[in-house]
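Notes to accompany the following structure.
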Amino acid sequence: MPVILVVDDEPLQRDILKTILDSEGYETHTAASGKEALAIAGNIQPDVVLTDLRMEGMDGIELLEAIPRKPVEPSIIIITAHGTISSAVEAVRKGAFDYLTKPLDKDSLLLNVRRAVERSFLLKENIQLQKELFKKFNIEGIIGKSPKMQKATDVMKKVAPSTVTVLIRGESGTGKELVAKAIHYNSLRRTRPFTAINCAAIPDNLFESELFGYEAGAFTGALSRKEGLFRITDTGTLFLDEIGDLSLPMQSKLLRTLQDKEIRRVGGKEAIKVDVRIIAATNKDLEKELSTGNFREDLYYRLRVVNIELPPLRERVEDVPELAIYFMNKYNREFGKRITGIEPAALKALSEYHWPGNIRQFETVIERAILMNDKNVITVGDIRNELWSGELKTSFNFDIPDEGLDFENLEKELMKKALAKANGIATKAARLLGMSYKTFLYRLEKFHLNGYSTKKNE
Ligand SMILES: Nc1ncnc2c1ncn2[C@@H]1O[C@H](COP(=O)(O)OP(=O)(O)OP(=O)(O)O)[C@@H](O)[C@H]1O
Ligand SMILES: [Mg+2]
């Protein structure tokens, strides 16, 4: 129930307001002076404070300035007598939500209070969401006690509070984006925007307008001005993902922006100052890209003021047990399961695997092992099943499990997967498996898989 605090030194006015607000379902408290209001505000934590402007002792504006804004900020409505509008305007300038003039009209009173409550609730919700973000992207929450990971988190803690540019490097799925967010949400910019753009996924012309925005008429279809990411992210952090894939012309545009700290919209002349912290990431060998001339050296040095190397999972197997428990708890919660542990042999299998997709792949394996599990521990069999079916999708670099495998079954699964990938087109599936169409058909018959093939040809 929204909590309202009515402050007025006239008992009659207080009572009228309380009666009206109570009957609307608000929890209404009253105070006869600013001092009394301050004394109870901490306990009742009002969503809205409705205060008279002119009072003996502390007036409405003084109360407005003194009222605690933490843990939540109340919306303050000032009530003024006719003829003191200028003080009301001053009050709004000092942060009051709105003002009402006497004599009070019941409808506009209730409308104002409702809006003020909405604002306070939104503020509360924002604070809650922010808290969740800060918790989710806490540097301490990044799993890994191995020396290589510790080194990375030490650097993160050191650089987070500053605005220094950071280059994060690591194979796919090693946590580059997670680290970028952790740096932002542990920086002084944490309440400011964090935005991300994938440099590999966007063609140059679009990329430019995405980053810098455009003016109306800059190109066909540019009907009105649009702000780009640099503007949207002003005073926040911009994450440039897959920076190694940025084209040379875009590299030089980006470099200029970083040097001048200003942008121009596409089709615009005006230079606009921007204050954006850059965090970039890549899984490419940038030094190699430098030597082949695919990456500008000056941009490279500008980006790698601080360099964070995220080790592949196979180089930090010490972290496997902690990661396994972490994801086990996560997916227990998510799927409402009660799996209590992971067999030592399963942990061993997880540690010995080479993890080409790193933590992302690791997470998926645990997720599926939990989902499929109807016992209360994860066994080595669960893990092998998951690793094995994952492997089929990615590469053939897999070991034959100790308990052996069923070759015919494997062949059958491969054919089904090929057919699924080829949308049921048999000739295409045969090609995917490097088989002649005739051999493929023969096997379809043999394994009774005809139903999986919807047509022979495109
Ligand atoms: N140390 C870690 N602790 C917990 N979760 C992690 C850790 N590292 C990565 N993850 C999780 O693994 C997944 C992949 O991480 P992320 O997307 O940051 O990787 P990436 O390096 O950006 O990958 P890609 O190169 O494929 O874009 C995410 O769900 C992330 O939360
Ligand atoms: Mg990523």
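If you take the residues of segment 191-208 that are part of a helix (DSSP H, G or I) and farther than 15 Å from Gly268 by Cβ, which of them is farthest from ligand 2 (Cβ to nearest atom)? Give the steps one after another, and end with the answer.
Going through segment 191-208, the residues part of a helix (DSSP H, G or I) turn out to be 204-208.
In the following step, the residues that additionally are farther than 15 Å from Gly268 by Cβ were identified as 204-207.
Working: Asp204: 21, Asn205: 24, Leu206: 20, Phe207: 17 Å.
Filtering segment 191-208 for residues that are part of a helix (DSSP H, G or I) and farther than 15 Å from Gly268 by Cβ, the one farthest from ligand 2 (Cβ to nearest atom) comes out as Asn205.
Find the residue count for segment 179-190, including only residues that are within 11 Å of the chain's Cα centre (by Cα) and more than 11 Å from ligand 2 (Cβ to nearest atom).
Total satisfying the criteria: 3.
Looking at Leu223, Leu211, Leu254 in this structure, which one is free of Cβ contacts under 8 Å to residues at least 60 places away in the same chain and part of a loop (DSSP other than H, G, I, E, B)?
Unique residue meeting the criteria: Leu223.
Restricting to segment 407-452, and then to whatever is small (Gly, Ala, Ser) and either outside the structural domain of Asn385 (by TED's automatic domain parsing) or within 26 Å of Asn385 (Cα to Cα) (or both), can you tell me which residue is surrounded by the fewest Cβ atoms within 10 Å (Cβ to Cβ)? Please lay out each step first, then the result.
Let us first name the residues in segment 407-452 that are small (Gly, Ala, Ser), namely 418, 420, 422, 424, 426, 429-430, 434, 436, 451.
Narrowing the set further to residues that are either outside the structural domain of Asn385 (by TED's automatic domain parsing) or within 26 Å of Asn385 (Cα to Cα) (or both) leaves 418, 420, 422, 424, 429-430, 434, 451.
Values: Ala418: 19, Ala420: 11, Ala422: 20, Gly424: 15, Ala429: 26, Ala430: 23, Gly434: 7, Gly451: 9.
In this case the residue turns out to be Gly434.
Of everything in segment 40-58, what is touching a strand residue (DSSP E or B) at 6+ places or on another chain (Cβ under 7 Å) and surrounded by fewer than 18 Cβ atoms within 10 Å (Cβ to Cβ)? Give them in sequence order.
Those that are touching a strand residue (DSSP E or B) at 6+ places or on another chain (Cβ under 7 Å) and surrounded by fewer than 18 Cβ atoms within 10 Å (Cβ to Cβ): Ile40, Ile44, Gln45.
Can we say Ile61 is assigned to a helix (DSSP H, G or I), crowded, with 19+ Cβ neighbours inside 10 Å and β-branched (Val, Ile, Thr)?
Details: assigned to a helix (DSSP H, G or I): yes; crowded, with 19+ Cβ neighbours inside 10 Å: yes; β-branched (Val, Ile, Thr): yes.
When the stated conditions are applied, Ile61 passes them.
Could you list all residues from segment 244-303 that are of a type in the set (Asp, Glu) and farther than 17 Å from Asn205 by Cα?
Step one: filter segment 244-303 for residues of a type in the set (Asp, Glu), giving 245, 260, 262, 270, 275, 285, 287, 289, 297-298.
Those that are of a type in the set (Asp, Glu) and farther than 17 Å from Asn205 by Cα: Asp260, Glu262, Glu270, Asp275, Asp285, Glu287, Glu289, Glu297, Asp298.
Quick grid of which residues meet (1) within 21 Å of Asp245 (Cβ to Cβ); (2) among the charged types (D, E, K, R):
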{"residue": "Asn294", "(1), (2)": "yes, no"}
{"residue": "Arg304", "(1), (2)": "yes, yes"}
{"residue": "Leu313", "(1), (2)": "no, no"}
{"residue": "Val317", "(1), (2)": "no, no"}
{"residue": "Met328", "(1), (2)": "no, no"}
{"residue": "Phe335", "(1), (2)": "no, no"}
{"residue": "Arg338", "(1), (2)": "no, yes"}
{"residue": "Glu343", "(1), (2)": "no, yes"}
{"residue": "Ala346", "(1), (2)": "no, no"}
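Select from segment 341-367 the residues that are among the small types (Gly, Ala, Ser) and farther than 18 Å from Gly170 by Cβ and write down the one among them that is nearest to ligand 2 (Cβ to nearest atom).
Ser351
Can Lys181 be described as out of contact with any helix residue (DSSP H, G or I) (no Cβ under 9 Å at 6 or more places or on another chain), closer than 17 Å to Ile308 by Cβ and modelled with pLDDT of 95 or more? Walk me through it before giving the result.
On the way: out of contact with any helix residue (DSSP H, G or I) (no Cβ under 9 Å at 6 or more places or on another chain): no; closer than 17 Å to Ile308 by Cβ: yes; modelled with pLDDT of 95 or more: yes.
Here the answer is no, as Lys181 does not meet what is asked.
Taking only segment 182-204 into account, find how many residues are within 12 Å of ligand 1 (Cβ to nearest atom), crowded, with 19+ Cβ neighbours inside 10 Å and of a type outside the set (A, V, I, L, M).
Count: 1.
Taking the condition of being near ligand 2 (Cβ under 10 Å from one of its atoms) and among the aliphatic types (A, V, I, L, M), how many residues in segment 167-178 meet it? Let's see the steps before the verdict.
As a first pass, look at segment 167-178 and keep what is near ligand 2 (Cβ under 10 Å from one of its atoms): 168, 170, 172-178.
The next check asks that each one be among the aliphatic types (A, V, I, L, M); those that pass are 168, 178.
Selection size over segment 167-178: 2.
Do we have Ile359 as assigned to a strand (DSSP E or B), surrounded by 20 or more Cβ atoms within 10 Å (Cβ to Cβ), within 16 Å of ligand 1 (Cβ to nearest atom) and in contact (Cβ under 8 Å) with a residue 60 or more places away in the chain here? I'd like the intermediate steps shown before the answer.
Working: assigned to a strand (DSSP E or B): no; surrounded by 20 or more Cβ atoms within 10 Å (Cβ to Cβ): yes; within 16 Å of ligand 1 (Cβ to nearest atom): yes; in contact (Cβ under 8 Å) with a residue 60 or more places away in the chain: yes.
Answer is no for this residue.
Taking segment 237-263, which residues are buried (at least 16 other Cβ atoms within 10 Å of the Cβ) and either within 16 Å of ligand 1 (Cβ to nearest atom) or farther than 19 Å from Cys199 by Cα (or both)?
Matches in segment 237-263: Thr237, Leu238, Phe239, Leu240, Asp241, Glu242, Ile243, Gly244, Asp245, Leu246.
Determine whether segment 206-222 contains at least one residue that is near ligand 1 (Cβ under 10 Å from one of its atoms) and over 22 Å from Asp275 (Cβ atoms). Walk me through how you get there before you give the answer.
In the first step, residues of segment 206-222 are kept if they are near ligand 1 (Cβ under 10 Å from one of its atoms); the result is none.
The answer is no, given that none of the residues of segment 206-222 is near ligand 1 (Cβ under 10 Å from one of its atoms) and over 22 Å from Asp275 (Cβ atoms).
Can we say Lys375 is modelled with pLDDT of 90 or more and either under 28 Å from the mean Cα position of the chain (by Cα) or of a type outside the set (A, V, I, L, M) (or both)?
Details: modelled with pLDDT of 90 or more: no; either under 28 Å from the mean Cα position of the chain (by Cα) or of a type outside the set (A, V, I, L, M) (or both): yes.
The answer is no for Lys375.
Just to confirm my filter: which strands (runs of 3 or more DSSP E) fall fully inside segment 64-181 and include at least 2 residues that are in contact with a strand residue (DSSP E or B) (Cβ under 8 Å, 6 or more places away or on another chain) and away from ligand 1 (no atom under 16 Å from the Cβ)?
Numbers: elements: 75-80, 98-101, 166-169.
The qualifying strands (runs of 3 or more DSSP E) are 75-80, 98-101.
Of all helices (runs of 4 or more DSSP H) completely enclosed by segment 280-347, which ones contain at least 3 residues that are within 14 Å of ligand 1 (Cβ to nearest atom)? Outline the logic, then answer.
On the way: elements: 286-291, 297-303, 320-335.
Fully inside segment 280-347 and qualifying: 320-335.
Which one of the conditions (1) more than 16 Å from ligand 2 (Cβ to nearest atom); (2) among the β-branched types (Val, Ile, Thr); (3) buried (at least 16 other Cβ atoms within 10 Å of the Cβ) does Val164 fail to meet, given that it meets all the rest?
(3)
The values are calculated or read from the model by the stated rules, or taken from the named source; none is laboratory data. The structure presented is a predicted model; accordingly, all values stated were derived computationally and were not measured. Note: ideal-geometry Cβ built from the backbone for every residue, glycine included; neighbour counts use all protein chains shown.
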